[in-house]
Every structure is written in C-alpha cells, then in structure tokens.
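Only one structure is covered here, and it is reproduced in the block below.
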Amino acid sequence: MEILAILWLLYLPMGWMFLASGVMHTIFAKSTAKNIGWETSPFQHEVGYVCFGLGIAGVISVHLSQDAWIVMAIVSSCFLVLAGLNHVKEIIRDKNFAPGNTLILVSDFGVPISIWALLLNTGTV
C-alpha cells in the first residue's frame with residue numbers, strides 16, 4: 001500500500017502539479033506573481049522552467065526503479081523546502097500573507113514530509 005502511495009505522490013504532486021506550476025509561472029506569470037504578493041520578474045520564468053523539468057521527471061519516475069524515486073525525492077524536496085522557507089521568511093519579514101505565499105506552505109513542506117516518510121517506512125531508503 002505504501003508503494004502505491006509513493007507512486008501517486010510522484011505522479012500527482014511531484015509530477016503533474018509541478019507541470020501546472022510551470023504553466024502558472026510562465027504563461028500566467030503576472031497573475032501568479034500577484035497571487036504570491038510579488039512583482040513579475042524574469043526569475044519567475046526560471047522557476048517555471050525548473051517546475052517543468054521536475055514535473056516531467058516526476059511523471060517518468062513512476063515507471064522507473066526505486067533509485068529514480070529517491071533522486072526525485074531529493075531534488076524536489078530541496079526545491080520545495082527551500083521555497084517554503086523563503087515564503088516563511090516573507091511572511092515574517094514582509095508580512096506577506098497573500099494566499100499564494102501562505103497556502104503553498106502545505107505542499108512546500110507536506111509533500112517532502114510525506115514522500116520521505118513513505119520511502120523510509122518501506123525501506124526504500
């Protein structure tokens with residue numbers, strides 16, 4: 001059952017949701033920046049490009065070995081946790097309580113915690 005949960009995490013939040021994030025940060029850059037409480041910047045497109053890569057890797061990793069799952073967990077967890085810490089910093093320092101800066105913390109920390117708990121629980125790591 002835990003393996004199935006790992007595969008769903010890789011496929012949905014670490015796959016398709018990253019692809020959706022890529023679209024939001026590139027095609028809908030202005031509205032996404034506004035929702036986060038930011039100004040639009042060329043760096044926002046770079047975040048979108050990273051999300052496209054992570055999303056593709058997440059979807060493909062479902063069909064690969066457990067080694068691919070671990071690599072996907074490492075890369076996406078680094079991105080998400082560090083992005084989450086940046087959002088927390090903005091909440092504290094700038095009082096940025098925009099929905100895109102606060103609600104995203106659920107996935108910024110929840111997805112890495114979930115994938116690592118499952119990987120450890122199954123003995124994959």
The number of residues in the stretch 84-94 that are farther than 12 Å from Gly37 by Cα and surrounded by fewer than 17 Cβ atoms within 10 Å (Cβ to Cβ) is 6
Output for Cβ contacts, cut-off 7 Å, separation at least six or different chains, first residue without any contact (Cβ under 8 Å) to a residue 60 or more places away in the chain in the stretch 1-19, second of a type in the set (Lys, Arg), reads none
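Rundown of residues vs (1) under 30 Å from Asn121 (Cα atoms); (2) at pLDDT below 95; (3) surrounded by 13 or more Cβ atoms within 10 Å (Cβ to Cβ); (4) not hydroxyl-bearing (Ser, Thr, Tyr), yes/no style:
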{"residue": "Glu2", "(1), (2), (3), (4)": "yes, yes, yes, yes"}
{"residue": "Met14", "(1), (2), (3), (4)": "yes, no, yes, yes"}
{"residue": "Met17", "(1), (2), (3), (4)": "yes, no, yes, yes"}
{"residue": "Ser21", "(1), (2), (3), (4)": "yes, no, yes, no"}
{"residue": "His25", "(1), (2), (3), (4)": "no, no, yes, yes"}
{"residue": "Ser31", "(1), (2), (3), (4)": "no, no, no, no"}
{"residue": "Ser41", "(1), (2), (3), (4)": "no, yes, no, no"}
Every listed condition ((1) of a type in the set (S, T, N, Q); (2) over 15 Å from the mean Cα position of the chain (by Cα); (3) part of a helix (DSSP H, G or I)) holds for Ser107 save (2)
Note: among Gly53, Gly84, Gly58, just one is in contact with an Asp or Glu (Cβ under 6 Å, 6 or more places away or on another chain) and modelled with pLDDT of 95 or more, namely Gly84
Going by what's in this entry, would Thr122 be described as at pLDDT 95 or above, surrounded by fewer than 18 Cβ atoms within 10 Å (Cβ to Cβ), closer than 17 Å to Ala5 by Cβ and among the hydroxyl-bearing types (Ser, Thr, Tyr)? yes
Matching residues in the stretch 59-84 (in a helix (DSSP H, G or I) and out of contact with any Pro (no Cβ under 8 Å at 6 or more places or on another chain)) number 17
When the stretch 95-112 is checked residue by residue, the ones that are closer than 26 Å to Ile74 by Cβ and surrounded by fewer than 12 Cβ atoms within 10 Å (Cβ to Cβ) are Val106
Taking the stretch 54-71 and keeping only residues that are under 11 Å from the mean Cα position of the chain (by Cα) and more than 15 Å from Leu4 (Cα to Cα), one is left with Leu54, Gly55
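The values are calculated or read from the model by the stated rules, or taken from the named source; none is laboratory data. Please read these numbers as outputs of a predicted model, since none were measured by experiment. With ideal geometry, Cβ positions are generated from the backbone for all residues, glycine too; neighbour counts draw on all protein chains shown.
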